[in-house]
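Chemist: My structure is below; once you've seen it, I'll send some questions.
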Amino acid sequence: MESVINPQILEVRTYRGIKYIPVIRIIYIKAEKKESVIHLDNNKLVNARYLLKWYSGVLSTPDFFRCHNSYIINCKYVDCFCSKEIILVNNIHIPLSRNKLKSLKENLVEIQLKTISDTRE
């Protein structure tokens, strides 16, 4: 199956053909039946022929996080969260599984620490 061309570009197979997507443009990915819909920062949607399990294997952590059976989010777009949902930029509400709250907190802290160390260099 296809994979990441490099860490910043994702190669996905759609029903129209192969598409290259800059990873940083992905806000979240939602599972729909036996495919997925990639939601991009320019409000475009890409229907891909993959299950979320495939994305979990190719998208880097802590940047990407599977917060629910049907969703993977880009943690860089998280605005805030509570025990039941995550609110992304543009007021996008994503459900949060009960058993994922602690891992989400750890991911977000790791991203913040990474950002702090990057700005110091």
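Chemist: Which of (1) touching a strand residue (DSSP E or B) at 6+ places or on another chain (Cβ under 6 Å); (2) surrounded by fewer than 14 Cβ atoms within 10 Å (Cβ to Cβ) does Lys44 not meet, given it meets every other one?
Modeler: Answer for Lys44: the failing condition is (1).
Chemist: Also, I was wondering about something else. With Ile24, Ile86 as the choices, which residue is of a type outside the set (S, T, N, Q), under 12 Å from the mean Cα position of the chain (by Cα), outside any loop (DSSP other than H, G, I, E, B) and closer than 23 Å to Leu113 by Cβ? It would help to see each step written out before you state the result.
Modeler: Working: Ile86 fails: under 12 Å from the mean Cα position of the chain (by Cα).
Answer to the selection: Ile24.
Chemist: Of all the residues that make up the stretch 73-105, how many are loosely packed, with under 13 Cβ neighbours inside 10 Å and of a type outside the set (A, V, I, L, M)? Spell out the reasoning first.
Modeler: As a first pass, look at the stretch 73-105 and keep what is loosely packed, with under 13 Cβ neighbours inside 10 Å: 79-80, 82-84, 89-91, 93, 98-99, 102, 105.
Checking which are of a type outside the set (A, V, I, L, M) leaves us with 79-80, 82-84, 90-91, 93, 98-99, 102, 105.
Adding up the residues that qualify gives 12.
Chemist: I want to confirm something. Restricting to the stretch 29-38 and keeping residues that are of a type outside the set (A, V, I, L, M, F, W, C) and surrounded by fewer than 21 Cβ atoms within 10 Å (Cβ to Cβ), which single residue is nearest to Asn91 (Cα to Cα)? Give the steps one after another, and end with the answer.
Modeler: So in the stretch 29-38, the residues of a type outside the set (A, V, I, L, M, F, W, C) come out as 30, 32-36.
When the remaining residues are screened for being surrounded by fewer than 21 Cβ atoms within 10 Å (Cβ to Cβ), the result is 30, 32-35.
On the way: Lys30: 16, Glu32: 21, Lys33: 25, Lys34: 27, Glu35: 25 Å.
Per the stated criteria, the residue is Lys30.
Chemist: Taking Lys30 as the residue in question, decide whether it is assigned to a strand (DSSP E or B), under 22 Å from Glu85 (Cα atoms), of a type in the set (D, E, K, R) and modelled with pLDDT of 90 or more.
Modeler: Values: assigned to a strand (DSSP E or B): yes; under 22 Å from Glu85 (Cα atoms): yes; of a type in the set (D, E, K, R): yes; modelled with pLDDT of 90 or more: yes.
Criteria met by Lys30.
Chemist: Select from the stretch 47-60 the residues that are exposed (fewer than 14 other Cβ atoms within 10 Å of the Cβ) and either of a type in the set (Val, Ile, Thr) or closer than 30 Å to Ile116 by Cβ (or both) and write down the one among them that is farthest from the chain's Cα centre (by Cα). Even if it seems obvious, please write down each step before you answer.
Modeler: So in the stretch 47-60, the residues exposed (fewer than 14 other Cβ atoms within 10 Å of the Cβ) come out as 51, 53, 57, 60.
In the following step, the residues that additionally are either of a type in the set (Val, Ile, Thr) or closer than 30 Å to Ile116 by Cβ (or both) were identified as 57, 60.
On the way: Gly57: 12, Ser60: 9 Å.
Selected residue: Gly57.
Chemist: Moving on. What do you reckon, is Ser70 free of Cβ contacts under 8 Å to residues at least 60 places away in the same chain, within 30 Å of Lys102 (Cβ to Cβ), surrounded by fewer than 18 Cβ atoms within 10 Å (Cβ to Cβ) and among the polar types (S, T, N, Q)?
Modeler: Values: free of Cβ contacts under 8 Å to residues at least 60 places away in the same chain: yes; within 30 Å of Lys102 (Cβ to Cβ): yes; surrounded by fewer than 18 Cβ atoms within 10 Å (Cβ to Cβ): yes; among the polar types (S, T, N, Q): yes.
Criteria met by Ser70.
Chemist: While we're looking at this one, here's another question. Among the residues of the stretch 60-88 satisfying the criterion of being modelled with pLDDT under 95 and of a type in the set (Ser, Thr, Tyr), which is farthest from Ser36 (Cα to Cα)?
Modeler: So the residue we want is Ser83.
Chemist: Looking only at residues that are over 11 Å from Ile27 (Cβ atoms), assigned to a helix (DSSP H, G or I) and polar (S, T, N, Q) in the stretch 89-108, which one is nearest to the chain's Cα centre (by Cα)?
Modeler: First, the residues of the stretch 89-108 that are over 11 Å from Ile27 (Cβ atoms): 91, 93, 95-108.
Within this subset, residues satisfying the condition of being assigned to a helix (DSSP H, G or I) are 91, 98-108.
If we keep only those that are polar (S, T, N, Q) as well, we get 91, 99, 103, 107.
On the way: Asn91: 16, Asn99: 18, Ser103: 14, Asn107: 12 Å.
Here the residue is Asn107.
The values are calculated or read from the model by the stated rules, or taken from the named source; none is laboratory data. Just so we're clear, the structure is a prediction, and the values are computed from it rather than from any experiment. Cβ coordinates were reconstructed from backbone atoms using ideal geometry, including for glycine residues, and neighbour counts include every protein chain displayed.
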